[in-house]
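Each remark here refers to the structure printed beneath this line.
The values are calculated or read from the model by the stated rules, or taken from the named source; none is laboratory data. Keep in mind the model is a prediction, meaning the values are calculated, not measured. Positions of Cβ are generated from backbone atoms using ideal geometry, with glycine treated the same way; all protein chains shown enter the neighbour counts.
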Amino acid sequence: MDFVRLMKPRVMSLVVFTALAGLVAAPGDMHPFTAAVAILAVALGSGAAGALNMWYDADIDRLMARTAHRPVPAGLIAPADALGFGLIMSVISVMLMALAATPLAAALLAFSIVFYVVIYTMWLKRSTAQNIVIGGAAGAFPPVIGWAAVTGNAPIDAWILFGLIFLWTPPHFWALSLWTSKEYARAGVPMLPVTRGAAETRRQILIYTLIVAPFGLAPVATGLGGWIYLVVASLGGIAFLYGAVRVFFSRAGDDNVRADLRRAHVLFGISIIYLFALFAALLIEHALPMVYWPAGLGAG
């Protein structure tokens, strides 16, 4: 059970879900068995990256209440075991993807693991307040990997899905950081509320939400998303913006002001539902070919 927790199963579930959406949305056919192996490879790769992240971050994890219970800082798994587990899982995941899918999908999976562990965990997280902005790219690769597993290429539609997750990550994570900023400060992690303050964090949340909400409609413009996606993206974008505006006009994250933190909690929840709903809409549209999509709003 501890090794399952080491793989960050909650993060893995979102990674697998978005990869599955990319795989289903991609044009072309893939045998159900090889598709299942490809998704398994993505899951193992995500788990491997999570394990390596917990191995490297054990020193700061034990300083924060939110992460102190994780297997390595809690002493449930030895650091060397976490490192070995992560490395072995990384190799297995990339090999499985190479065998089941395409070289591009395997290469993208390998790159995403390296990016998350080396670029984000080992470098950006401890050196810049833009850590989650740049590092968010690691979590944006799954739909591109899923697409490449089917087609062997990564066209504009795949990168639109990448961009959606990439732009969504900062306001999502900064909403969380507004109520955990003191823990990050204690651990020496330069998250935005620590280096620039809560007011600037609230402003950045609003700016990014103003960008991601309209960008969420991009799949409709290219024909990747249909009527279901249009409705979900429109309503979800409005809800996301509403939550961000409420946080912007609050004092969430300010010292000695706890009442407004609820708005940050609500925005964090809205952001999760928003991303899940968008990719669920794509899955529904592309997994149900019997549904008729009007011209210009078709699911390809």
Revision key, fill the gap. Going through segment 1-20 in order, the residues found to be under 18 Å from residue 141 (Cα atoms) and either among the aromatic types (Phe, Trp, Tyr) or assigned to a helix (DSSP H, G or I) (or both) are 9, 10, 11, 12, 13, 14, 15, 16, 17, 18, 19, 20
Check your understanding: So which of 72, 24 ends up being touching a residue at least 24 places away in the same chain (Cβ under 8 Å) and in a loop (DSSP other than H, G, I, E, B)?
Key -> 72
Revision key, fill the gap. The lone condition residue 254 fails out of (1) part of a helix (DSSP H, G or I); (2) farther than 30 Å from residue 30 by Cα is (1)
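Residues are listed down the side, and each one gets a yes or a no for (1) surrounded by fewer than 19 Cβ atoms within 10 Å (Cβ to Cβ); (2) under 18 Å from residue 165 (Cα atoms):
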| site | (1), (2) |
| --- | --- |
| 20 | no, yes |
| 24 | no, yes |
| 28 | yes, no |
| 31 | yes, no |
| 38 | no, no |
| 44 | no, no |
| 53 | no, no |
| 68 | yes, no |
| 72 | no, no |
Check your understanding: Say we look at segment 258-300 and pick out the residues that are at pLDDT below 75 and hydrophobic (A, V, I, L, M, F, W, C); which of these is farthest from residue 219 (Cα to Cα)?
Key -> 290
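Got a sec? Which of 128, 102 is of a type in the set (Ser, Thr, Tyr) and under 20 Å from the mean Cα position of the chain (by Cα)? Walk me through it before giving the result.
Working: 102 fails: under 20 Å from the mean Cα position of the chain (by Cα).
Of the residues listed, the single one that is of a type in the set (Ser, Thr, Tyr) and under 20 Å from the mean Cα position of the chain (by Cα) is 128.
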Review point. For segment 30-54, what are the residues that are farther than 17 Å from residue 144 by Cβ, in contact with a helix residue (DSSP H, G or I) (Cβ under 8 Å, 6 or more places away or on another chain) and not hydrophobic (A, V, I, L, M, F, W, C)?
Key: 34, 47, 50, 53
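Identify all residues within segment 58-69 that are of a type in the set (Asp, Glu) and either more than 17 Å from residue 11 (Cα to Cα) or free of Cβ contacts under 8 Å to residues at least 12 places away in the same chain (or both); write none if there are none.
If we filter segment 58-69 for residues that are of a type in the set (Asp, Glu), which is where we start, we get 59, 61.
Correct list: 59 only.
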Practice item. Output the helices (runs of 4 or more DSSP H) that fall wholly within segment 166-237 and possess 2 or more residues being within 30 Å of residue 280 (Cα to Cα), or say none. Key: 198-215, 218-222
Practice item. Scan (1) assigned by TED's automatic domain parsing to the domain that holds residue 67; (2) surrounded by fewer than 21 Cβ atoms within 10 Å (Cβ to Cβ); (3) part of a helix (DSSP H, G or I) for the single condition residue 129 breaks and write down its number. Key: (3)
